[in-house]
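S.K.: Input: one structure, supplied below.
The values are calculated or read from the model by the stated rules, or taken from the named source; none is laboratory data. Small disclaimer: the values here were computed from a predicted structure and weren't measured. As a convention, Cβ positions derive from the backbone with ideal geometry for all residues, glycine included, and neighbour counts pool all protein chains shown. Accessible surface is based on the protein model in full, side chains and every heavy atom, while ligands, DNA and RNA are left aside. Shrake-Rupley method; radii C 1.70, N 1.55, O 1.52, S 1.80 Å.
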There are 2 protein chains.
Amino acid sequence: MEENRVSIESCSCSIIHEDAVSKARNSMPEEETLYDLAELFKVFGDTTRIKILCALFESEMCVCDIAALLSMNQSAISHQLRVLKQASLVKYRKEGKVVYYSLDDEHVKQIFDQGLVHIRER
Amino acid sequence: MEENRVSIESCSCSIIHEDAVSKARNSMPEEETLYDLAELFKVFGDTTRIKILCALFESEMCVCDIAALLSMNQSAISHQLRVLKQASLVKYRKEGKVVYYSLDDEHVKQIFDQGLVHIRER
DNA sequence: TGAACACATAAACATATGTTCATATATAAT
DNA sequence: ATTATATATGAACATATGTTTATGTGTTCA
């Protein structure tokens, strides 16, 4: 349908399927939600952090344990734990000098497992 | 238990909980699996790509439609569609000059929704 | 045949990100 | 009090990443 073709400044091309575009536009969650969602997945999108989460599926661990497990230095792990903590993916408890980290959330594993399903099936 | 403390070169600290470390080590998936998983989530970890996927939940769309929807230029969208395609998250069909993209996978939405659950509950 | 269009892609660029190094903080032990 | 240890953090650095710009490719239509 020629009538549906509308020029948009930001894009040199014309909209071919205005119906599809407006349907998508209406169903789209808020900008902030999508931003937060991307930020969340970004946290999962690093090998070190994925390994840390994976390790914590088994039991809580202190920073040194994780560093030893992954053969990385303590600082790198500590930095990544901060990222995980900010994303509410891990929580911690202090016991003297030692800080024990554990999963903060029950559906962290569900996100993880859904990802696994995808990579196994392609 | 003092006997459990073992020095590791890569980490200046000593392992405090060798049992926890070895349990985690044994349950850890293969390195390659974890790498692929991180790569997958990395693809979800960008606002533009999240929006594209979100748009495709409704219906297939051509490149220009998506560019107009997101007020971005065609090239940027095309680059991101390539990333999504390489991750087996979208597929396409050609119809003359127009290339229609759609979701490749039924559990893309499940990963997306699991992420939503997390950000809504924190 | 040639112009217009939809899309792809390479190069360049600015920005974001992860690790390391050095150092600070807090607790425990001597 | 001093030392050792577990962790946190800021700065620096190298690398990765997303967007733009320019251009190439393939298809349609006049």
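S.K.: Taking the stretch A:33-83 as the region of interest, how many residues are of a type in the set (A, V, I, L, M, F, W, C) and within 11 Å of DNA strand D (Cβ to nearest atom)?
M.R.: So the answer is 13.
S.K.: Condition first: open to solvent by 50 Å² or more (accessible area, probe 1.4 Å), at negative phi and in a strand (DSSP E or B). Can you find one or more residues in the stretch B:95-114 that meet it?
M.R.: So far as the stretch B:95-114 goes, yes, one or more of its residues are open to solvent by 50 Å² or more (accessible area, probe 1.4 Å), at negative phi and in a strand (DSSP E or B).
S.K.: Test A:D19 against the stated conditions and say whether it is charged (D, E, K, R) and modelled with pLDDT of 95 or more.
M.R.: Here the answer is no, as A:D19 does not meet what is asked.
S.K.: Moving on. Filter the stretch B:68-94 down to residues that are under 16 Å from the mean Cα position of the chain (by Cα) and crowded, with 17+ Cβ neighbours inside 10 Å and give me whichever is farthest from the other protein chains (Cβ to nearest Cβ).
M.R.: Residue satisfying both the conditions and the ranking: B:L81.
S.K.: What residue, of A:K91, A:K85, is farther than 21 Å from B:D19 by Cβ, in a strand (DSSP E or B), more than 9 Å from DNA strand C (Cβ to nearest atom) and of a type outside the set (S, T, Y)?
M.R.: A:K91
S.K.: From (1) over 17 Å from B:H118 (Cα atoms); (2) within 7 Å of chain B (Cβ to nearest Cβ), pick out the condition that doesn't hold for A:D105.
M.R.: Against the list (1) over 17 Å from B:H118 (Cα atoms); (2) within 7 Å of chain B (Cβ to nearest Cβ), A:D105 comes up short only on (1).
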